1. Calculated FRET efficiency, Leu39 and Asn130, Cβ-Cβ r, R0 41 Å, to nearest 0.05?
2. Give me the percent of the accessible area of segment 110-149 that comes from carbon and sulfur atoms, probe 1.4 Å, all protein chains in place.
3. What pairs in Lys20/Lys40; Lys19/Lys93; Lys44/Lys85; Lys58/Lys121; Lys25/Lys95 have C-alpha atoms more than 21 Å from each other?
4. Rounded to the nearest 10 Å², what accessible area does Glu9 have for a 1.4 Å probe in the complete protein model?
Amino acid sequence: MVTNSNSIEKLEELIHRFKKEKDNKKKHVIYLELVDEALKLVKKIASGIYTYSGIISKEDLIQAGAIGALKAIDTYHSEEKGSFKTYASIVIKGKILQFLRDKGTLVKIPRESSSNINLVKKALEVLTKNNNPPTSKEIAQYTSLSEDKVNEILNIEIARNTISLDQTIYT
């Protein structure tokens, strides 16, 4: 078994050889070695996230992380400060977390809308009186969003909370 520091050194050495190599055949061989070495890092990061991911399988996390590793190999610039391992870890973890965000719900929500959804939820909690929900105009005034945007967010929330009639409900 390769020690952790040897694995890191090998990863650094491979990325530098890959970036400097001019011959396409040699570069491809180095690339395959680099991917193999980077997958060890992917598996380590995916294993750490897997315990918190819920119903997503570990293999799916590794697959998402592998895409991040390939992206890190392609976009890393050795002239910049910082090791490849550090850079790759950030890109890999980012891809895995993006995968989890995208798979977290069946209805895809634009990332920009996430903060607005939280604003509207807070407004609903604050403005609800005697079980009477506030109007979209009241929510718009409270959140400084347009009434159309509030209606759009409320519709997103309705779609997110919709369940199938065939779904078994456990009580």
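1. Details: r = 58 Å, r/R0 = 1.41.
Efficiency at R0 = 41 Å is approximately 0.10.
2. Exposed carbon and sulfur together represent 46 percent of the surface.
3. Numbers: Lys20/Lys40 23 Å; Lys19/Lys93 23 Å; Lys44/Lys85 12 Å; Lys58/Lys121 32 Å; Lys25/Lys95 29 Å.
Pairs exceeding 21 Å: Lys20/Lys40; Lys19/Lys93; Lys58/Lys121; Lys25/Lys95.
4. Accessible area, nearest 10 Å²: 110 Å².
The values are calculated or read from the model by the stated rules, or taken from the named source; none is laboratory data. Because the structure is predicted, anything quoted here is derived from the model rather than measured. In this analysis, Cβ positions are derived from the backbone assuming ideal geometry, glycine residues included, and neighbour counts consider all displayed protein chains. Heavy atoms of the whole protein, side chains included, go into the accessibility calculation; ligands, DNA and RNA do not. Shrake-Rupley method; radii C 1.70, N 1.55, O 1.52, S 1.80 Å.
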